[in-house]
């Protein structure tokens, strides 16, 4: 390739990369809202998430809406804090001009989450001749880590900047209406219509440094592009169905299904273009885009055994299985509505951003859960007290080679304890503490597949991956809540 051709190609790479990289970031960040660090709800999570056959209060709106048939007429409010922390030590494989592959290790970077209470607010009304019908509404948020990473480490650009800087400003909730029916004592049936609403916000850095070191070294900070993404308003409809059978007074069988969420939302993108010379006079006009992706359907099944162990004590034990079909989250499609770049040296002005589709290649995950409750009276005055504990093991929804600081998931163990105090016949006060331990992940640089974004059409040159390295993470979940029965 001649020197003139190289310069022309390089400038085109700068312009295309700066614009398309921002849209790529929109897709990655939007997908993060669908990754759940742990299952949800103060009382259900106190049982390790084993709350499918034993669902019998307003927590059933997520686990099994058939359980609403036993929720009575009441209100449930709870809040949880997900304290997520992680470490990432990046390792990058770079092939130098002599064709020698070398591995470089970057300083460790840590991610954390702010104090942000995650709510459940729900109410139910029980009616009918034999109280066989229950209508309910609910608003809740998934237990998803709103993580942030530093933009610099020891005065140098952070090695995680191409995956994530911050998700601050994100707010997503699921709102829904539900109905349950108990035609006879041995059967409960329920369902709901839901929608995910809110917005997603993030900051992320992309590199406009061209491949093959035509002008600069890969990841030269002069070519960093800082973007601010806002996706919303999000309105993604869904629904769920469930059934609980009682073949024996001591045994309950539960089965429920959650439909996928189909996200198709507008987005706005603001860009701070690179400081490199080709961008001296460049500017962005327009900032509208559209983002599409799918979040998984979920299938749950459980068996609960319950019995009285005395006149003032009883026990409930459940074993459950949950399958999340994350393989549905295979691509993210992004379309620019009016984004144009102007006055990039040597490049046609304006430059319009073409639609792109990003492969995600997620996989289905399985969760095995066990949990229970032991209730007794007179432990505190004459109040009924529930003591809970549970544990679960869940496989990762992300193949190792696609793990990154933004979408970090691994095989994990969740352990939890909780309890309730029933005050009179109306109030129940709940508390819970849980620990989430993710299996450490080591992504060899040669196996890593998340690229440094440089989506120039017709460019066959692969860029260095940004997700190689070692990962570790854990989370503490603390929650309190209250239920009132009329």
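The values are calculated or read from the model by the stated rules, or taken from the named source; none is laboratory data. The shown structure was predicted, so the numbers you read here are calculated from the model rather than taken from an experiment. All Cβ positions, glycine included, derive from the backbone under ideal geometry; neighbour counts span all protein chains shown.
Some observations on this one:
- All of (1) modelled with pLDDT of 80 or more; (2) within 28 Å of residue 168 (Cα to Cα); (3) in a loop (DSSP other than H, G, I, E, B) hold for residue 281 with one exception: (2).
- Residue in region 113-125 that is in a strand (DSSP E or B) and without any contact (Cβ under 8 Å) to a residue 40 or more places away in the chain present: no
- 3 or more residues surrounded by fewer than 23 Cβ atoms within 10 Å (Cβ to Cβ), within 19 Å of the chain's Cα centre (by Cα) and at pLDDT 90 or above: qualifying strands (runs of 3 or more DSSP E) within region 370-486: 427-443, 469-485
- Any hit, region 264-275, residues being at pLDDT 85 or above, closer than 30 Å to residue 137 by Cβ and surrounded by fewer than 17 Cβ atoms within 10 Å (Cβ to Cβ): yes
- The listed residues are 147, 136, and the only one of them that is over 17 Å from residue 66 (Cβ atoms) and crowded, with 17+ Cβ neighbours inside 10 Å turns out to be 147.
- So residue 357, is it within 31 Å of the chain's Cα centre (by Cα), at pLDDT below 85, buried (at least 21 other Cβ atoms within 10 Å of the Cβ) and more than 18 Å from residue 409 (Cβ to Cβ): no
- Scan region 260-278 for residues that are over 16 Å from the mean Cα position of the chain (by Cα), under 29 Å from residue 61 (Cβ atoms) and assigned to a loop (DSSP other than H, G, I, E, B) and the total you get is 0.
- In the condition set (1) touching a strand residue (DSSP E or B) at 6+ places or on another chain (Cβ under 6 Å); (2) outside any strand (DSSP E or B); (3) surrounded by 15 or more Cβ atoms within 10 Å (Cβ to Cβ), residue 107 is compliant with all but (3).
- Condition check for residue 176: over 26 Å from residue 37 (Cβ atoms), over 17 Å from the mean Cα position of the chain (by Cα), crowded, with 21+ Cβ neighbours inside 10 Å and modelled with pLDDT of 80 or more: no
- Cβ pairs under 6 Å, 6+ apart, first in region 64-93 and crowded, with 17+ Cβ neighbours inside 10 Å, second assigned to a helix (DSSP H, G or I): 67/60; 68/60; 78/42
- Subset of region 246-259 (residues that are assigned to a strand (DSSP E or B), surrounded by fewer than 16 Cβ atoms within 10 Å (Cβ to Cβ) and in contact (Cβ under 8 Å) with a residue 12 or more places away in the chain): 247, 251
- Cross-chain or 6+ apart pairs with Cβ under 8 Å, region 288-310 first and without any contact (Cβ under 8 Å) to a residue 40 or more places away in the chain and at positive phi, then crowded, with 16+ Cβ neighbours inside 10 Å and assigned to a strand (DSSP E or B): none
- Yes/no for residue 209 being touching a helix residue (DSSP H, G or I) at 6+ places or on another chain (Cβ under 7 Å), farther than 25 Å from residue 335 by Cβ and at pLDDT below 95: yes
- The set of residues in region 35-62 being under 17 Å from residue 173 (Cβ atoms) and in a helix (DSSP H, G or I) consists of 42, 61, 62.
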